[in-house]
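S.K.: Mind looking over this structure? Questions follow.
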Amino acid sequence: MKILDRYLLKTFLGTFATVFVILFFVFILQTVWLFIAELAGKDLDLIMVIKFLAFSMPRIVPLVLPLSILLASIMSFGSLSEHYEFAAMKSSGISLQRAMRSLVIAIAVLSFIAFLFANNVIPYAEFKFINFRKNIAQAKPALAITEGQFSNIGKYNIKVNKKSGQNGNHLTGITIHEKSQNGDGSKTVIRATDGELVSNEKTNLLQLVLNNGNYYQDIVPKKFEDRDKLPFAKSSFKKYRINIDLSKLNKVDTKDESVSNTNNMLNVSDLKYTLDSLNKNRDAEIINFAENSNTRVASLNSNNAPVVTKKKPLEKNLLSLFDNKKKGEILASANSNVQSMMYNIDAAKTELDLKKKKINSHILSLYDKFVIVYACFLMFFIGAPLGAIIRKGGVGLPIVFAVLIFISFHFINTFGKRISQEDGLAPFFGSWMSSMILTPLAVLLTYRATNDIGLINLDVIFTPIQKVFQKVFQKIIPSQNKE
(Lines give C-alpha, C1' and ligand atoms only; values in the text may rest on other atoms or scores of the structure.)
Protein backbone atom coordinates (compact mmCIF):
# COMPACT_ATOMS: atom_id res chain seq x y z
CA MET A 1 0.00 0.00 0.00
CA LYS A 2 1.38 3.38 -1.00
CA ILE A 3 1.91 6.27 1.36
CA LEU A 4 -0.97 8.22 -0.21
CA ASP A 5 -3.41 5.36 0.31
CA ARG A 6 -2.39 4.99 3.95
CA TYR A 7 -2.74 8.72 4.50
CA LEU A 8 -6.23 8.87 2.94
CA LEU A 9 -7.37 5.80 4.85
CA LYS A 10 -6.07 7.21 8.12
CA THR A 11 -7.78 10.55 7.49
CA PHE A 12 -11.11 9.05 6.44
CA LEU A 13 -11.34 6.23 9.01
CA GLY A 14 -10.34 8.53 11.87
CA THR A 15 -13.05 11.03 10.90
CA PHE A 16 -15.55 8.22 10.33
CA ALA A 17 -14.94 6.67 13.76
CA THR A 18 -15.37 10.03 15.51
CA VAL A 19 -18.54 10.91 13.60
CA PHE A 20 -20.02 7.43 14.08
CA VAL A 21 -19.54 7.51 17.86
CA ILE A 22 -21.06 11.00 18.17
CA LEU A 23 -24.08 10.22 15.98
CA PHE A 24 -24.58 6.87 17.68
CA PHE A 25 -24.71 8.60 21.05
CA VAL A 26 -27.23 11.13 19.71
CA PHE A 27 -29.52 8.38 18.37
CA ILE A 28 -29.21 6.47 21.65
CA LEU A 29 -30.55 9.55 23.43
CA GLN A 30 -33.45 9.54 20.98
CA THR A 31 -34.13 5.88 21.83
CA VAL A 32 -34.14 6.70 25.54
CA TRP A 33 -36.61 9.49 24.83
CA LEU A 34 -38.92 7.16 22.90
CA PHE A 35 -39.00 4.62 25.72
CA ILE A 36 -38.77 7.07 28.63
CA ALA A 37 -42.23 6.01 29.79
CA GLU A 38 -40.96 2.46 30.32
CA LEU A 39 -37.75 3.51 32.09
CA ALA A 40 -38.66 6.48 34.25
CA GLY A 41 -40.16 6.10 37.68
CA LYS A 42 -40.09 2.30 37.77
CA ASP A 43 -37.08 1.68 40.03
CA LEU A 44 -35.06 -0.11 37.36
CA ASP A 45 -31.54 -0.94 38.42
CA LEU A 46 -28.50 -0.01 36.33
CA ILE A 47 -28.02 -3.50 34.87
CA MET A 48 -31.59 -3.59 33.51
CA VAL A 49 -31.21 -0.15 31.94
CA ILE A 50 -27.92 -1.19 30.29
CA LYS A 51 -29.52 -4.37 28.91
CA PHE A 52 -32.49 -2.38 27.68
CA LEU A 53 -30.23 0.03 25.79
CA ALA A 54 -27.91 -2.73 24.55
CA PHE A 55 -30.78 -4.62 22.91
CA SER A 56 -32.13 -1.42 21.35
CA MET A 57 -28.77 -0.21 19.98
CA PRO A 58 -28.42 -2.45 16.89
CA ARG A 59 -31.57 -1.06 15.26
CA ILE A 60 -29.84 2.35 15.16
CA VAL A 61 -26.90 1.20 13.01
CA PRO A 62 -28.77 1.28 9.63
CA LEU A 63 -29.49 4.96 10.28
CA VAL A 64 -26.13 5.98 11.72
CA LEU A 65 -23.81 4.13 9.30
CA PRO A 66 -24.82 5.82 5.99
CA LEU A 67 -24.99 9.24 7.65
CA SER A 68 -21.54 8.72 9.20
CA ILE A 69 -20.04 7.72 5.84
CA LEU A 70 -21.63 10.74 4.16
CA LEU A 71 -20.45 13.23 6.78
CA ALA A 72 -16.97 11.69 7.08
CA SER A 73 -16.55 11.77 3.28
CA ILE A 74 -17.54 15.44 3.04
CA MET A 75 -15.34 16.43 5.98
CA SER A 76 -12.30 14.42 4.85
CA PHE A 77 -12.31 15.43 1.18
CA GLY A 78 -13.35 18.97 2.04
CA SER A 79 -10.41 19.30 4.40
CA LEU A 80 -8.01 17.90 1.78
CA SER A 81 -9.30 20.39 -0.79
CA GLU A 82 -9.29 23.29 1.66
CA HIS A 83 -5.60 22.74 2.44
CA TYR A 84 -4.71 22.32 -1.26
CA GLU A 85 -3.68 18.70 -0.79
CA PHE A 86 -5.86 17.63 -3.70
CA ALA A 87 -4.26 20.33 -5.83
CA ALA A 88 -0.84 18.90 -4.99
CA MET A 89 -2.04 15.38 -5.88
CA LYS A 90 -3.48 16.53 -9.19
CA SER A 91 -0.25 18.38 -10.05
CA SER A 92 1.55 15.07 -9.46
CA GLY A 93 -0.75 13.31 -11.91
CA ILE A 94 -3.03 11.63 -9.33
CA SER A 95 -6.70 11.90 -10.26
CA LEU A 96 -9.68 11.92 -7.90
CA GLN A 97 -10.62 8.37 -8.93
CA ARG A 98 -7.13 7.16 -8.03
CA ALA A 99 -7.33 8.89 -4.64
CA MET A 100 -10.73 7.27 -3.95
CA ARG A 101 -9.59 3.74 -4.89
CA SER A 102 -8.40 2.64 -1.45
CA LEU A 103 -11.40 4.27 0.22
CA VAL A 104 -13.78 2.41 -2.09
CA ILE A 105 -12.25 -0.84 -0.85
CA ALA A 106 -12.74 0.33 2.75
CA ILE A 107 -16.40 1.20 2.00
CA ALA A 108 -16.87 -2.25 0.44
CA VAL A 109 -15.62 -3.86 3.65
CA LEU A 110 -17.92 -1.63 5.73
CA SER A 111 -20.87 -2.53 3.47
CA PHE A 112 -20.21 -6.25 3.85
CA ILE A 113 -20.02 -5.87 7.62
CA ALA A 114 -23.24 -3.83 7.54
CA PHE A 115 -25.02 -6.63 5.65
CA LEU A 116 -23.85 -9.27 8.12
CA PHE A 117 -24.92 -7.01 10.97
CA ALA A 118 -28.37 -6.37 9.46
CA ASN A 119 -28.87 -10.04 8.63
CA ASN A 120 -27.72 -11.58 11.92
CA VAL A 121 -27.28 -9.12 14.78
CA ILE A 122 -30.33 -6.88 14.30
CA PRO A 123 -32.90 -9.75 14.10
CA TYR A 124 -31.42 -11.34 17.23
CA ALA A 125 -31.37 -8.00 19.06
CA GLU A 126 -34.99 -7.28 18.07
CA PHE A 127 -36.03 -10.67 19.39
CA LYS A 128 -34.16 -10.17 22.68
CA PHE A 129 -35.39 -6.58 23.00
CA ILE A 130 -39.09 -7.49 22.83
CA ASN A 131 -38.70 -10.52 25.05
CA PHE A 132 -36.63 -8.51 27.53
CA ARG A 133 -39.43 -5.98 27.88
CA LYS A 134 -41.90 -8.79 28.51
CA ASN A 135 -39.54 -10.54 30.94
CA ILE A 136 -39.26 -7.35 32.97
CA ALA A 137 -43.02 -7.46 33.38
CA GLN A 138 -42.86 -11.11 34.40
CA ALA A 139 -39.95 -10.83 36.83
CA LYS A 140 -40.97 -7.47 38.32
CA PRO A 141 -44.61 -6.78 37.48
CA ALA A 142 -44.77 -4.02 40.09
CA LEU A 143 -42.57 -1.88 37.82
CA ALA A 144 -45.65 -1.19 35.73
CA ILE A 145 -47.39 0.46 38.69
CA THR A 146 -46.21 3.81 39.99
CA GLU A 147 -46.96 4.96 43.52
CA GLY A 148 -49.44 7.79 43.97
CA GLN A 149 -50.79 7.89 40.41
CA PHE A 150 -52.99 5.85 38.12
CA SER A 151 -51.17 3.37 35.88
CA ASN A 152 -52.88 2.19 32.69
CA ILE A 153 -52.65 -1.63 32.41
CA GLY A 154 -54.91 -3.13 29.79
CA LYS A 155 -58.52 -2.47 30.73
CA TYR A 156 -57.61 -1.37 34.28
CA ASN A 157 -56.38 1.91 35.77
CA ILE A 158 -54.58 1.01 39.00
CA LYS A 159 -53.43 3.37 41.74
CA VAL A 160 -51.58 2.35 44.92
CA ASN A 161 -50.50 4.49 47.85
CA LYS A 162 -47.39 2.44 48.67
CA LYS A 163 -45.38 -0.50 47.36
CA SER A 164 -43.27 -2.70 49.60
CA GLY A 165 -41.50 -6.04 49.58
CA GLN A 166 -38.38 -7.19 47.74
CA ASN A 167 -39.80 -6.55 44.26
CA GLY A 168 -42.54 -4.13 45.30
CA ASN A 169 -45.19 -6.82 44.95
CA HIS A 170 -46.98 -5.91 48.20
CA LEU A 171 -49.42 -3.05 47.61
CA THR A 172 -51.25 -0.82 50.08
CA GLY A 173 -54.21 1.48 49.47
CA ILE A 174 -55.40 0.11 46.13
CA THR A 175 -57.92 1.81 43.85
CA ILE A 176 -58.86 0.18 40.53
CA HIS A 177 -61.05 1.63 37.77
CA GLU A 178 -62.20 -0.93 35.21
CA LYS A 179 -62.81 0.53 31.76
CA SER A 180 -66.14 -0.09 30.15
CA GLN A 181 -66.14 -2.22 27.01
CA ASN A 182 -68.59 0.20 25.38
CA GLY A 183 -66.14 3.07 25.70
CA ASP A 184 -68.47 5.17 27.89
CA GLY A 185 -66.10 5.58 30.84
CA SER A 186 -65.47 3.54 33.95
CA LYS A 187 -68.53 2.05 35.63
CA THR A 188 -66.71 -0.32 38.00
CA VAL A 189 -64.50 0.77 40.92
CA ILE A 190 -62.66 -1.60 43.25
CA ARG A 191 -61.01 -0.47 46.47
CA ALA A 192 -58.91 -2.63 48.79
CA THR A 193 -56.77 -1.97 51.84
CA ASP A 194 -53.88 -4.10 50.56
CA GLY A 195 -52.98 -6.70 47.97
CA GLU A 196 -50.21 -8.63 46.27
CA LEU A 197 -48.98 -9.14 42.70
CA VAL A 198 -48.35 -12.80 41.87
CA SER A 199 -46.63 -13.74 38.60
CA ASN A 200 -45.01 -16.78 37.05
CA GLU A 201 -42.34 -16.60 34.33
CA LYS A 202 -43.90 -19.65 32.65
CA THR A 203 -47.28 -17.99 32.11
CA ASN A 204 -48.50 -14.80 30.45
CA LEU A 205 -50.93 -13.95 33.26
CA LEU A 206 -50.39 -11.68 36.23
CA GLN A 207 -52.64 -12.22 39.22
CA LEU A 208 -53.58 -9.34 41.50
CA VAL A 209 -54.85 -10.63 44.86
CA LEU A 210 -56.86 -8.02 46.80
CA ASN A 211 -57.66 -8.23 50.51
CA ASN A 212 -60.47 -6.57 52.51
CA GLY A 213 -62.14 -4.27 50.03
CA ASN A 214 -65.33 -3.16 48.32
CA TYR A 215 -66.68 -3.51 44.81
CA TYR A 216 -68.78 -0.69 43.29
CA GLN A 217 -70.58 -0.94 39.96
CA ASP A 218 -72.87 1.57 38.28
CA ILE A 219 -76.14 0.10 36.98
CA VAL A 220 -77.77 1.45 33.84
CA PRO A 221 -81.59 1.00 34.12
CA LYS A 222 -83.53 -0.08 31.07
CA LYS A 223 -86.04 2.77 31.56
CA PHE A 224 -84.61 6.12 30.56
CA GLU A 225 -86.45 8.04 33.31
CA ASP A 226 -84.79 5.89 36.00
CA ARG A 227 -81.25 6.73 34.90
CA ASP A 228 -81.26 10.10 36.70
CA LYS A 229 -81.31 8.23 40.01
CA LEU A 230 -77.79 6.83 39.26
CA PRO A 231 -78.25 3.45 40.95
CA PHE A 232 -75.21 1.31 41.78
CA ALA A 233 -74.39 -2.02 43.37
CA LYS A 234 -71.98 -2.40 46.27
CA SER A 235 -70.44 -5.55 47.69
CA SER A 236 -67.59 -6.31 50.07
CA PHE A 237 -64.98 -9.03 49.89
CA LYS A 238 -62.20 -10.47 51.99
CA LYS A 239 -60.23 -11.77 49.03
CA TYR A 240 -60.65 -10.94 45.34
CA ARG A 241 -58.47 -12.06 42.41
CA ILE A 242 -57.97 -10.23 39.11
CA ASN A 243 -56.12 -11.79 36.18
CA ILE A 244 -54.20 -9.37 33.94
CA ASP A 245 -52.61 -10.17 30.59
CA LEU A 246 -48.86 -9.60 30.97
CA SER A 247 -48.54 -8.39 27.39
CA LYS A 248 -50.56 -5.31 28.37
CA LEU A 249 -47.89 -4.14 30.79
CA ASN A 250 -45.46 -3.05 28.10
CA LYS A 251 -47.74 -3.33 25.07
CA VAL A 252 -45.82 -6.37 23.85
CA ASP A 253 -47.52 -9.51 22.66
CA THR A 254 -44.95 -12.29 22.22
CA LYS A 255 -44.55 -15.83 23.41
CA ASP A 256 -41.83 -16.74 25.84
CA GLU A 257 -38.49 -17.11 24.03
CA SER A 258 -40.12 -17.95 20.71
CA VAL A 259 -39.69 -15.91 17.56
CA SER A 260 -43.03 -14.62 16.39
CA ASN A 261 -43.75 -13.66 12.78
CA THR A 262 -42.35 -10.17 13.28
CA ASN A 263 -40.44 -9.37 10.10
CA ASN A 264 -37.71 -7.45 11.94
CA MET A 265 -36.73 -10.63 13.80
CA LEU A 266 -35.97 -12.66 10.67
CA ASN A 267 -32.84 -12.96 8.56
CA VAL A 268 -32.75 -13.40 4.78
CA SER A 269 -33.32 -17.15 4.74
CA ASP A 270 -36.12 -16.92 7.33
CA LEU A 271 -37.78 -14.11 5.38
CA LYS A 272 -37.70 -16.12 2.13
CA TYR A 273 -39.22 -19.14 3.86
CA THR A 274 -41.89 -17.02 5.57
CA LEU A 275 -42.75 -15.20 2.34
CA ASP A 276 -43.22 -18.49 0.54
CA SER A 277 -45.61 -19.68 3.27
CA LEU A 278 -47.53 -16.38 3.35
CA ASN A 279 -48.00 -16.31 -0.43
CA LYS A 280 -49.18 -19.93 -0.52
CA ASN A 281 -51.60 -19.26 2.34
CA ARG A 282 -53.05 -16.20 0.60
CA ASP A 283 -53.40 -18.00 -2.74
CA ALA A 284 -55.12 -20.93 -1.02
CA GLU A 285 -57.57 -18.56 0.66
CA ILE A 286 -58.43 -16.93 -2.69
CA ILE A 287 -59.10 -20.34 -4.22
CA ASN A 288 -61.23 -21.43 -1.26
CA PHE A 289 -63.26 -18.23 -1.40
CA ALA A 290 -63.90 -18.69 -5.14
CA GLU A 291 -64.98 -22.30 -4.65
CA ASN A 292 -67.25 -21.41 -1.73
CA SER A 293 -68.81 -18.59 -3.75
CA ASN A 294 -69.57 -20.94 -6.66
CA THR A 295 -71.09 -23.46 -4.28
CA ARG A 296 -73.18 -20.75 -2.63
CA VAL A 297 -74.48 -19.45 -5.97
CA ALA A 298 -75.38 -22.99 -7.10
CA SER A 299 -77.35 -23.58 -3.90
CA LEU A 300 -79.54 -20.50 -4.50
CA ASN A 301 -81.52 -22.12 -7.33
CA SER A 302 -84.39 -23.27 -5.11
CA ASN A 303 -87.31 -21.19 -6.43
CA ASN A 304 -88.85 -24.05 -8.45
CA ALA A 305 -89.27 -21.98 -11.59
CA PRO A 306 -91.33 -23.52 -14.39
CA VAL A 307 -89.35 -25.65 -16.78
CA VAL A 308 -88.87 -23.97 -20.15
CA THR A 309 -89.03 -26.42 -23.03
CA LYS A 310 -87.27 -26.02 -26.34
CA LYS A 311 -90.55 -25.42 -28.15
CA LYS A 312 -91.55 -22.66 -25.73
CA PRO A 313 -89.39 -19.49 -26.11
CA LEU A 314 -87.62 -18.06 -23.07
CA GLU A 315 -89.51 -15.25 -21.39
CA LYS A 316 -87.73 -11.89 -21.29
CA ASN A 317 -89.22 -11.11 -17.88
CA LEU A 318 -88.85 -14.27 -15.80
CA LEU A 319 -90.76 -12.77 -12.86
CA SER A 320 -93.89 -12.71 -15.00
CA LEU A 321 -94.01 -16.50 -14.65
CA PHE A 322 -94.82 -16.18 -10.94
CA ASP A 323 -97.69 -14.71 -8.99
CA ASN A 324 -97.26 -11.58 -6.88
CA LYS A 325 -96.68 -13.47 -3.63
CA LYS A 326 -94.00 -15.61 -5.18
CA LYS A 327 -92.43 -12.53 -6.80
CA GLY A 328 -92.12 -10.90 -3.38
CA GLU A 329 -90.51 -14.00 -1.91
CA ILE A 330 -88.06 -14.27 -4.80
CA LEU A 331 -87.05 -10.59 -4.63
CA ALA A 332 -86.67 -10.69 -0.85
CA SER A 333 -84.56 -13.84 -1.10
CA ALA A 334 -82.44 -12.33 -3.89
CA ASN A 335 -81.88 -9.14 -1.90
CA SER A 336 -80.87 -11.11 1.18
CA ASN A 337 -78.52 -13.31 -0.83
CA VAL A 338 -76.90 -10.34 -2.57
CA GLN A 339 -76.33 -8.53 0.72
CA SER A 340 -74.90 -11.68 2.27
CA MET A 341 -72.61 -12.18 -0.72
CA MET A 342 -71.45 -8.54 -0.61
CA TYR A 343 -70.71 -8.88 3.10
CA ASN A 344 -68.67 -12.02 2.45
CA ILE A 345 -66.80 -10.31 -0.38
CA ASP A 346 -65.98 -7.27 1.81
CA ALA A 347 -64.82 -9.49 4.68
CA ALA A 348 -62.67 -11.59 2.35
CA LYS A 349 -61.22 -8.46 0.72
CA THR A 350 -60.32 -7.00 4.11
CA GLU A 351 -58.65 -10.23 5.18
CA LEU A 352 -56.74 -10.53 1.90
CA ASP A 353 -55.61 -6.89 2.13
CA LEU A 354 -54.25 -7.47 5.62
CA LYS A 355 -52.35 -10.52 4.43
CA LYS A 356 -51.01 -8.59 1.45
CA LYS A 357 -49.76 -5.83 3.78
CA LYS A 358 -48.05 -8.46 5.90
CA ILE A 359 -46.39 -9.92 2.80
CA ASN A 360 -45.28 -6.45 1.71
CA SER A 361 -43.79 -5.78 5.15
CA HIS A 362 -41.71 -8.95 4.91
CA ILE A 363 -40.57 -8.10 1.37
CA LEU A 364 -39.54 -4.61 2.51
CA SER A 365 -37.56 -6.11 5.39
CA LEU A 366 -35.82 -8.43 2.92
CA TYR A 367 -34.82 -5.56 0.63
CA ASP A 368 -33.73 -3.37 3.55
CA LYS A 369 -30.87 -5.74 4.28
CA PHE A 370 -29.48 -5.04 0.80
CA VAL A 371 -30.41 -1.36 0.65
CA ILE A 372 -28.03 -0.58 3.51
CA VAL A 373 -25.14 -2.07 1.47
CA TYR A 374 -25.88 0.16 -1.51
CA ALA A 375 -26.57 3.16 0.76
CA CYS A 376 -22.99 3.01 2.07
CA PHE A 377 -21.58 3.28 -1.47
CA LEU A 378 -24.16 5.90 -2.45
CA MET A 379 -23.37 8.18 0.49
CA PHE A 380 -19.63 7.87 -0.15
CA PHE A 381 -19.93 8.78 -3.84
CA ILE A 382 -22.10 11.75 -2.87
CA GLY A 383 -19.97 12.91 0.05
CA ALA A 384 -16.46 12.53 -1.40
CA PRO A 385 -17.04 14.54 -4.62
CA LEU A 386 -19.15 17.09 -2.73
CA GLY A 387 -16.34 17.65 -0.24
CA ALA A 388 -13.85 18.09 -3.06
CA ILE A 389 -16.14 20.65 -4.72
CA ILE A 390 -17.13 22.81 -1.72
CA ARG A 391 -13.54 22.73 -0.34
CA LYS A 392 -14.64 23.10 3.25
CA GLY A 393 -13.67 20.79 6.10
CA GLY A 394 -14.54 20.95 9.77
CA VAL A 395 -18.04 20.68 11.19
CA GLY A 396 -19.74 23.73 9.68
CA LEU A 397 -20.86 23.57 6.07
CA PRO A 398 -20.28 19.79 5.73
CA ILE A 399 -22.84 19.09 8.46
CA VAL A 400 -25.41 21.27 6.69
CA PHE A 401 -24.98 19.41 3.40
CA ALA A 402 -24.87 16.01 5.10
CA VAL A 403 -28.05 16.63 7.10
CA LEU A 404 -29.97 17.91 4.07
CA ILE A 405 -28.93 14.95 1.89
CA PHE A 406 -29.57 12.36 4.57
CA ILE A 407 -32.96 13.83 5.53
CA SER A 408 -33.96 13.69 1.86
CA PHE A 409 -32.75 10.08 1.64
CA HIS A 410 -34.53 9.04 4.83
CA PHE A 411 -37.76 10.88 3.95
CA ILE A 412 -37.96 9.36 0.46
CA ASN A 413 -37.15 5.92 1.89
CA THR A 414 -39.86 6.18 4.57
CA PHE A 415 -42.38 7.55 2.05
CA GLY A 416 -41.72 4.75 -0.43
CA LYS A 417 -41.95 2.03 2.21
CA ARG A 418 -45.22 3.40 3.57
CA ILE A 419 -46.80 3.41 0.10
CA SER A 420 -45.49 -0.07 -0.63
CA GLN A 421 -46.78 -1.44 2.64
CA GLU A 422 -50.26 -0.20 1.73
CA ASP A 423 -49.86 -1.96 -1.64
CA GLY A 424 -49.81 1.33 -3.54
CA LEU A 425 -46.39 0.59 -5.04
CA ALA A 426 -44.31 -2.50 -5.66
CA PRO A 427 -42.14 -3.25 -2.58
CA PHE A 428 -39.01 -3.28 -4.77
CA PHE A 429 -39.53 0.32 -5.86
CA GLY A 430 -40.60 1.35 -2.37
CA SER A 431 -37.37 0.06 -0.85
CA TRP A 432 -35.06 1.33 -3.60
CA MET A 433 -36.85 4.62 -4.35
CA SER A 434 -34.45 6.79 -2.35
CA SER A 435 -31.41 5.07 -3.88
CA MET A 436 -32.82 5.45 -7.41
CA ILE A 437 -33.47 9.17 -6.91
CA LEU A 438 -30.10 10.01 -5.33
CA THR A 439 -27.94 7.85 -7.61
CA PRO A 440 -28.00 10.44 -10.46
CA LEU A 441 -26.84 13.04 -7.91
CA ALA A 442 -23.87 10.85 -7.01
CA VAL A 443 -22.99 10.38 -10.69
CA LEU A 444 -23.30 14.13 -11.36
CA LEU A 445 -21.16 15.14 -8.38
CA THR A 446 -18.48 12.58 -9.25
CA TYR A 447 -18.38 13.84 -12.85
CA ARG A 448 -18.14 17.50 -11.81
CA ALA A 449 -15.49 16.83 -9.18
CA THR A 450 -13.42 14.75 -11.61
CA ASN A 451 -13.50 17.48 -14.26
CA ASP A 452 -12.89 20.34 -11.77
CA ILE A 453 -16.35 21.83 -12.34
CA GLY A 454 -17.92 23.71 -9.46
CA LEU A 455 -21.10 22.71 -7.69
CA ILE A 456 -23.13 25.35 -9.54
CA ASN A 457 -21.89 27.21 -12.61
CA LEU A 458 -23.05 30.71 -11.77
CA ASP A 459 -22.05 32.02 -15.19
CA VAL A 460 -24.89 30.04 -16.73
CA ILE A 461 -27.32 31.98 -14.52
CA PHE A 462 -25.77 35.45 -14.51
CA THR A 463 -24.47 35.70 -18.12
CA PRO A 464 -27.96 36.04 -19.72
CA ILE A 465 -28.95 38.59 -17.07
CA GLN A 466 -25.73 40.53 -17.72
CA LYS A 467 -26.42 40.60 -21.46
CA VAL A 468 -29.93 41.97 -20.88
CA PHE A 469 -28.59 44.79 -18.68
CA GLN A 470 -25.90 45.62 -21.26
CA LYS A 471 -28.50 45.97 -24.02
CA VAL A 472 -30.68 48.17 -21.79
CA PHE A 473 -27.77 50.46 -20.87
CA GLN A 474 -26.65 50.68 -24.52
CA LYS A 475 -30.10 52.02 -25.45
CA ILE A 476 -30.27 54.45 -22.51
CA ILE A 477 -26.79 56.01 -22.90
CA PRO A 478 -27.08 57.03 -26.59
CA SER A 479 -30.46 58.62 -25.96
CA GLN A 480 -28.99 60.72 -23.16
CA ASN A 481 -26.08 61.84 -25.38
CA LYS A 482 -28.48 63.11 -28.08
CA GLU A 483 -30.29 65.26 -25.54
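The values are calculated or read from the model by the stated rules, or taken from the named source; none is laboratory data. None of these values were measured; they are calculated from a predicted model. Please note: Cβ atoms are built from the backbone with ideal geometry, for glycine as well, and neighbour counts cover all protein chains shown. The protein model used for the area step is the full one, side chains on, heavy atoms only, and it has no ligands, DNA or RNA in it. Shrake-Rupley method; radii C 1.70, N 1.55, O 1.52, S 1.80 Å.
S.K.: Consider only pairs whose beta carbons are under 7 Å apart and that are at least six residues apart or on different chains; among these, list those whose first residue lies in segment 425-451 and is modelled with pLDDT under 90 and outside any helix (DSSP H, G or I) and whose second residue is open to solvent by less than 50 Å² (accessible area, probe 1.4 Å) and among the hydroxyl-bearing types (S, T, Y).
M.R.: Hits for this filter: A426/S420.
S.K.: From the set of residues in segment 78-99 that are more than 14 Å from D452 (Cβ to Cβ) and assigned to a helix (DSSP H, G or I), which is most open to solvent (accessible area, probe 1.4 Å)?
M.R.: Step by step, filter segment 78-99, then rank; the result is E82.
S.K.: Okay, moving on. Can you work out which of the residues in segment 410-424 that are free of Cβ contacts under 8 Å to residues at least 24 places away in the same chain and not small (G, A, S) is most open to solvent (accessible area, probe 1.4 Å)?
M.R.: Checked segment 410-424; the qualifying residue most open to solvent (accessible area, probe 1.4 Å) is R418.
S.K.: Moving to a separate point now. Do we have any residue at all in segment 361-379 that's crowded, with 16+ Cβ neighbours inside 10 Å, over 30 Å from R282 (Cα atoms), modelled with pLDDT under 85 and of a type outside the set (S, T, N, Q)?
M.R.: No, every residue in segment 361-379 fails to be crowded, with 16+ Cβ neighbours inside 10 Å, over 30 Å from R282 (Cα atoms), modelled with pLDDT under 85 and of a type outside the set (S, T, N, Q).
S.K.: Can you go through N152, N161 and tell me which one is at pLDDT below 75 and either under 24 Å from K2 (Cα atoms) or open to solvent by 50 Å² or more (accessible area, probe 1.4 Å) (or both)?
M.R.: Answer to the check: N152.
S.K.: Right, here's the next one. Whether any residue in segment 39-55 is open to solvent by less than 20 Å² (accessible area, probe 1.4 Å), of a type in the set (A, V, I, L, M) and out of contact with any Lys or Arg (no Cβ under 6 Å at 6 or more places or on another chain) is what I want to check.
M.R.: There is no residue in segment 39-55 that is open to solvent by less than 20 Å² (accessible area, probe 1.4 Å), of a type in the set (A, V, I, L, M) and out of contact with any Lys or Arg (no Cβ under 6 Å at 6 or more places or on another chain).
S.K.: A further question on this structure: Here is a list of conditions, (1) surrounded by 13 or more Cβ atoms within 10 Å (Cβ to Cβ); (2) among the β-branched types (V, I, T); (3) modelled with pLDDT of 85 or more, and I390 meets all of them except one; can you say which number that is?
M.R.: Checking I390 against (1) surrounded by 13 or more Cβ atoms within 10 Å (Cβ to Cβ); (2) among the β-branched types (V, I, T); (3) modelled with pLDDT of 85 or more, the one that fails is (3).
S.K.: Okay, next question. Considering only residues of segment 238-285 that are over 23 Å from the mean Cα position of the chain (by Cα) and open to solvent by less than 30 Å² (accessible area, probe 1.4 Å), which is modelled with the highest pLDDT?
M.R.: Across segment 238-285, the extreme among qualifying residues is I242.
S.K.: Another one. Return yes when A384 is more than 30 Å from F86 (Cα to Cα) and touching a Phe, Trp or Tyr at 6+ places or on another chain (Cβ under 6 Å) and no when it is not.
M.R.: no
S.K.: For segment 396-409, check the following and say yes or no: at least one residue is in contact with a helix residue (DSSP H, G or I) (Cβ under 9 Å, 6 or more places away or on another chain) and farther than 30 Å from L8 by Cα.
M.R.: no
S.K.: Continuing with this model, one more query. Being at pLDDT below 90, part of a helix (DSSP H, G or I) and in contact with a helix residue (DSSP H, G or I) (Cβ under 8 Å, 6 or more places away or on another chain) is true for just one of V61, V26. Which residue is that?
M.R.: Every option except V61 fails the conditions.
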